[in-house]
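*Asks:* Next up is a structure, given as structure tokens.
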Amino acid sequence: MQSKRLINTGSIRFRFFAFIGMLLAVLLLLLNIYPYVTTKEAVYQEKEKSMETQAATLSSALSGLDRPDQESVAEVLRLLDVRDYDRILIADSEGRVIYNSGSGEGLMADLQTALAGKTVFRSVLKGESFNSSYSIPLSSQGTITGAVYISETDAERGQILHDLQFQIRTVSLIIALAALAMAVVYSSLVLRKLRQLSASMRIVAGGDYSHRMATAGTDELAELGNEFNTLTARLADTERQRRRFVSDASHELKTPLASIRLLSDSIVQNENMDTDTIREFVTDIGNEAERLQRTTEKLLDLSRLDDDIHIVPEPVDVKQSALDALVFLRPLAQERNVHLRAALDDGCVVLATADDMFHIIFNLMENAIKYNVPDGSVNISLHAADETVEFAVEDTGIGIPEEERYNIFSRFYRVDKARSREHGGSGLGLSIVHDAVKAHGGTIAVGPNKPQGSRFIVTFPRYSME
């Protein structure tokens with residue numbers, strides 16, 4: 001169904017924008033708060049330091065007056081040229097205001113704190129202005145004689161801070177819009193590639209293994225597309241091999257069945273056939289049935305190896321398996337006038353199954369005998385190293401062309417099809433050998449034998465009690 005997509009692009013888009021939105025929110029919050037707060041704190045500190053200096057100077061000058069009153073305080077303030085403050089308030093030791101440059105009674109709580117011997121600084125940003133005040137005690141010969149309160153309204157620095165905040169918000173808005181625009185563009189590109197990959201998957205799932213996804217660039221999505229194309233190519237190759245296997249298997253089974261039917265029909269339709277001819281036909285039917293049985297057994301072996309049926313490996317003496325195979329194959333070697341030579345070392349034990357090891361050795365030796373020349377030879381060697389066991393089969397037969405060595409382990413593949421059929425070969429033996437060796441952790445290689453023939457080398461990990 002269309003609703004069940006391989007990739008939920010809507011969900012990816014939502015999560016992507018949610019992540020970008022949260023990241024932008026955190027960054028813009030920090031951008032708007034940190035500069036504003038640090039700048040305002042710097043203004044507070046500068047205000048406190050400046051007003052503390054002015055208040056201390058004023059307190060020192062007023063402390064020298066014997067009887068401070070409105071006129072004497074005004075004279076001192078005129079001499080000090082204190083003009084930058086909105087309000088200056090002087091109180092005596094009893095808290096009575098003796099000088100007030102503005103209207104109102106002032107902050108009596110701050111004056112009372114100053115009369116107690118403590119300084120008080122206040123600064124508040126209201127609107128676009130800083131409202132700051134400072135209270136300090138007056139003292140003479142260690143005795144508190146009064147208090148000084150000064151206040152000011154700084155609209156200039158407030159406006160600067162307000163403008164800074166406005167600029168930060170403007171920059172934040174521009175950054176947010178630019179980031180969202182880039183996120184939309186980038187997400188569209190990413191999701192387009194993901195949709196292409198999803199569409200390609202559906203095409204391949206429909207059976208079109210020739211389809212390839214167009215890729216460009218070197219990023220992770222391009223790499224994913226390349227991996228998809230590689231996987232599709234492997235699927236196509238596997239499908240070709242499967243079809244070829246089915247075709248070859250059908251042909252291999254069809255040929256003996258057709259022969260059996262032809263021979264049996266000849267016997268049934270010919271009423272006057274003599275006994276010797278009937279015996280010959282029945283013998284041919286038996287040979288074809290035996291060939292059919294061998295092919296079926298090999299197909300079952302391949303099916304078992306393909307299905308990766310769980311087997312319990314056990315220590316197997318490779319020398320004993322080779323000796324058993326030699327017993328079975330000596331009559332065939334004598335019939336074809338092929339000499340067998342064996343050099344088998346003791347202590348060559350591997351983890352496998354006895355049946356698989358016997359079939360591996362038997363198939364290699366049987367091929368070496370069948371595809372040999374008259375008066376030829378087959379040399380079997382078995383050697384053990386510290387960690388490996390090596391089994392080799394060398395023959396002096398027709399050999400394998402170099403360009404064919406990469407295909408001989410393919411199923412139903414024959415180097416010489418006419419001669420293989422003549423010897424009863426099905427093209428499955430070496431494939432079974434290859435799969436069985438691989439299933440037990442070994443390797444198999446093929447090369448030429450000097451002066452002629454072939455050489456197969458099988459290597460297994462050596463088993464030890466340790």
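*Asks:* With r as the distance between the Cβ atoms of SER172 and ILE203 and R0 = 60 Å, compute the FRET efficiency 1/(1 + (r/R0)^6) and round to 0.05.
*Replies:* The calculated FRET efficiency here is 0.85.
*Asks:* Give, in nm to one decimal, the length gained when the segment between ASP386 and ASP345 is fully stretched (0.36 nm per residue of separation minus the Cα-Cα distance). Present the calculation step by step, with values, prior to reporting the outcome.
*Replies:* Details: separation 41, 0.36 × 41 = 14.76 nm, distance 1.33 nm.
Residue separation times 0.36 nm, minus the Cα-Cα distance, leaves 13.4 nm.
*Asks:* For a Förster distance of 22 Å, can you work out the FRET efficiency between the beta-carbons of ASN32 and ALA155, rounded to the nearest 0.05?
*Replies:* E between ASN32 and ALA155, to the nearest 0.05, is 0.45.
*Asks:* Amide H of ARG455 versus every other amide H placed in the peptide plane: which residues, excluding those fewer than 5 positions away on the same chain, fall under 5 Å?
*Replies:* Amide H neighbours of ARG455, under 5 Å, 5+ apart: GLY447, ASN449.
*Asks:* Residues with amide H under 5 Å of THR388's amide H, sequence separation 5 or more or different chain, H placed in the peptide plane at 1.01 Å from N; which?
*Replies:* It is ARG462, by chain and number.
*Asks:* Evaluate E = 1/(1 + (r/R0)^6) for THR53 and SER93, where r is the Cβ-Cβ distance and R0 equals 25 Å; express this FRET efficiency to the nearest 0.05.
*Replies:* Efficiency, from the Cβ-Cβ distance: 0.55.
*Asks:* Using 0.36 nm per residue of separation minus the Cα-Cα distance, give me the extension gain between LYS450 and ILE12 in nm, one decimal. If you can, show how the numbers build up before the last one.
*Replies:* Details: separation 438, 0.36 × 438 = 157.68 nm, distance 6.37 nm.
Residue separation times 0.36 nm, minus the Cα-Cα distance, leaves 151.3 nm.
*Asks:* Compute the length gained on full extension between ASN229 and ARG336: take 0.36 nm times their separation in residues and subtract their Cα-Cα distance, giving the result in nm to one decimal.
*Replies:* Difference between extended and current length: 33.5 nm.
*Asks:* Another question, if that's okay. Using a 7 Å offset from the Cα along the Cα-to-Cβ direction at both GLN293 and SER264, what is the distance between the two label points in nm, to one decimal?
*Replies:* 1.6
Quick note: the coordinates plus some simple rules give every number you see, no bench work behind them. Note that the structure is a prediction, hence the values are computed from the model and not measured. Cβ sites come from the backbone with ideal geometry, for glycine too, and all protein chains shown count toward neighbours.
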